[in-house]
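**Q** Input: one structure, supplied below.
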Amino acid sequence: MHLKKFSLKKFSLRQSALALTLVALGTVTAPLWAVANGSGLTIFSGVAGDKQLNYRMDFGGNPNGWDRYRLYIPKKKMKLAVAQFVIDYPNYFDGKFDPKSIELYVNKKKVAIQEAKWDEENAFIEIYPGEPVPAGTDVEIHLSNVRNPRSNGMYYFNCRVQTAGDIQLLRDLGTWILEIS
């Protein structure tokens, strides 16, 4: 009987040690994966969790490097059909965009863009789909040939939309919190 208790304790200690190791590994690997994919937990951002949008940087988000930003808008945010997307960013973001390399995907299918404009002076990008993007669809905006800013930092990219047939008011959909490091 005494031997059984001893081996049970030993087994319990092994389980505890294994659990602690897995937790420790999880806290190290999860944030690294999250940073690479741009969809990690952001604490103290000033942006409510339900307003944060996911993104991905295909080439690592290195300062002054070339990159592709994949900006995601989930279907639950797409409550109305959208005729225009406007992405504004902070004026201290000194990166460069190529409006000819902007693509729009709806439910993972590329759709035609009527026009994409980058207003460098006022720090925003406008995207006009060929046809309004239907409500209740997943949207991806791909910004290719992006020159990342020279400095490390977090940059808040806000997504606002003009709904189809709506008055000229932009509606806020959320914020991508991009990290360059």
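**Q** Can you name the residue in region 86-142 that is acidic (Asp, Glu) and over 19 Å from Gln168 (Cα atoms) and is also nearest to the chain's Cα centre (by Cα) among such residues?
**A** Quick first cut of region 86-142, residues acidic (Asp, Glu) only: 88, 94, 98, 103, 115, 119-121, 126, 131, 138, 140.
Narrowing the set further to residues that are over 19 Å from Gln168 (Cα atoms) leaves 94, 98, 103, 120-121, 138, 140.
Numbers: Asp94: 19, Asp98: 19, Glu103: 16, Glu120: 21, Glu121: 24, Asp138: 13, Glu140: 10 Å.
The residue in question is Glu140.
**Q** Looking only at region 100-124, how many residues end up being touching a residue at least 40 places away in the same chain (Cβ under 8 Å) and crowded, with 19+ Cβ neighbours inside 10 Å?
**A** Final tally of qualifying residues: 1.
Results for (1) modelled with pLDDT of 55 or more; (2) among the charged types (D, E, K, R), shown as yes or no for each residue.
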position: Met1; (1), (2): no, no
position: Val35; (1), (2): no, no
position: Ser39; (1), (2): no, no
position: Gly46; (1), (2): yes, no
position: Tyr55; (1), (2): yes, no
position: Gly60; (1), (2): yes, no
position: Trp66; (1), (2): yes, no
position: Pro74; (1), (2): yes, no
position: Glu103; (1), (2): yes, yes
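**Q** If you scan region 45-70, which residues turn out to be open to solvent by 30 Å² or more (accessible area, probe 1.4 Å), charged (D, E, K, R) and under 16 Å from Pro149 (Cβ atoms)?
**A** Residue satisfying the conditions is Arg68 alone.
**Q** Is it the case that some residue within region 71-83 is free of Cβ contacts under 8 Å to residues at least 40 places away in the same chain, surrounded by fewer than 16 Cβ atoms within 10 Å (Cβ to Cβ) and touching a strand residue (DSSP E or B) at 6+ places or on another chain (Cβ under 9 Å)?
**A** Among the residues of region 71-83, not one is free of Cβ contacts under 8 Å to residues at least 40 places away in the same chain, surrounded by fewer than 16 Cβ atoms within 10 Å (Cβ to Cβ) and touching a strand residue (DSSP E or B) at 6+ places or on another chain (Cβ under 9 Å), which makes the answer no.
**Q** Next question, about the same structure. Regarding region 148-171, can at least one residue be identified that is in contact with a helix residue (DSSP H, G or I) (Cβ under 9 Å, 6 or more places away or on another chain) and touching a residue at least 40 places away in the same chain (Cβ under 8 Å)?
**A** Step one: of region 148-171, the residues in contact with a helix residue (DSSP H, G or I) (Cβ under 9 Å, 6 or more places away or on another chain) are none.
No, region 148-171 contains no residue that is in contact with a helix residue (DSSP H, G or I) (Cβ under 9 Å, 6 or more places away or on another chain) and touching a residue at least 40 places away in the same chain (Cβ under 8 Å).
**Q** Restricting region 164-181 to residues that are of a type in the set (D, E, K, R) and under 16 Å from Pro129 (Cβ atoms), which is most open to solvent (accessible area, probe 1.4 Å)? Don't jump to the end; show me each part of the working.
**A** Here is the first cut: in region 164-181, the ones of a type in the set (D, E, K, R) are 166, 171-172, 179.
Keeping just the survivors that are under 16 Å from Pro129 (Cβ atoms) gives 166, 171.
On the way: Asp166: 44, Arg171: 107 Å².
The selected residue is Arg171.
**Q** Provide a single number: the residues in region 131-145 that are in a loop (DSSP other than H, G, I, E, B) and either open to solvent by 50 Å² or more (accessible area, probe 1.4 Å) or at negative phi (or both).
**A** 6
The values are calculated or read from the model by the stated rules, or taken from the named source; none is laboratory data. Only a predicted model underlies this, so the values are computations on that prediction, with no experimental measurement involved. Methodologically, a virtual Cβ is constructed for each residue, glycine included, from the backbone with ideal geometry; neighbour enumeration extends over all protein chains shown. Heavy atoms of the whole protein, side chains included, go into the accessibility calculation; ligands, DNA and RNA do not. Shrake-Rupley method; radii C 1.70, N 1.55, O 1.52, S 1.80 Å.
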